[in-house]
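The values are calculated or read from the model by the stated rules, or taken from the named source; none is laboratory data. The structure presented is a predicted model; accordingly, all values stated were derived computationally and were not measured. Cβ placement follows ideal geometry from the backbone for every residue including glycine, while neighbour counts extend to all protein chains displayed. Please note that ligands, DNA and RNA were not included when accessible areas were found on the heavy atoms of the full protein model with its side chains. Shrake-Rupley method; radii C 1.70, N 1.55, O 1.52, S 1.80 Å.
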Amino acid sequence: MVTSRDPGIHPLALQPVTFDLCSRGESQTGVYPLSPQVFLLVAFLLVHTSWFAVQYVYVFFQVITLGVFIIILLFLCATTFGLPSHLPPTCWTLTEFVLDTMSLLYVFSISCAAAVRSYDVPVLVAASILGLLVSFLIAASASISIKLIYSKMAPHIAVEV
């Protein structure tokens with residue numbers, strides 16, 4: 001007996017998918033990359049285990065790197081466990097862009113300050129270089145987020161001549 005439905009295709013898979021930037025319920029770039037987290041943790045540990053960690057610049061470097069690490073980890077856990085699907089009114093792409101922008105400003109400024117103060121200690125130079133590398137990775141993520149925001153808004157913007 002031949003049926004009209006193919007049993008290999010799920011009936012929900014044939015439904016059209018609508019795409020709305022702010023109400024989709026998940027981050028557009030997917031799960032936040034793990035490389036900035038790893039580099040932030042390594043930079044924190046390099047400064048924390050050095051003898052010069054008591055100076056105010058390095059204490060501030062530890063606070064910023066650990067704080068950004070925790071915020072990124074919370075955003076990663078929220079995205080992984082499906083929190084965006086439970087809060088559809090939240091624009092998660094914009095939230096990710098704001099997180100990236102604030103992290104970029106904080107990490108870049110403190111990495112530059114740590115680089116100026118650590119000219120003769122190789123461990124602290126390595127930590128500041130890792131901070132600058134994290135700044136570059138966060139800037140790339142922010143540019144992807146803003147590109148997604150603009151690409152989804154472009155069809156809705158009317159051009160008046």
If I filter the range 50-71 down to residues being among the aliphatic types (A, V, I, L, M) and at pLDDT 85 or above, which single residue comes out as farthest from Pro122 (Cα to Cα)?
Ile71
Only one of (1) under 13 Å from the mean Cα position of the chain (by Cα); (2) over 24 Å from Leu133 (Cβ atoms) fails for Asp100. Which number is that?
(2)
From the options Val121, Val98, Val68, residue that is in contact with a helix residue (DSSP H, G or I) (Cβ under 7 Å, 6 or more places away or on another chain) and either of a type outside the set (Gly, Ala, Ser) or more than 17 Å from Val42 (Cβ to Cβ) (or both)
Val68
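Residues that are open to solvent by 20 Å² or more (accessible area, probe 1.4 Å) and closer than 20 Å to Leu34 by Cα: list the helices (runs of 4 or more DSSP H) wholly contained in the range 45-161 that include at least 3 such residues. Write out each step before concluding.
Working: elements: 56-80, 83-86, 92-117, 122-153.
Hits in the range 45-161: 56-80, 92-117, 122-153.
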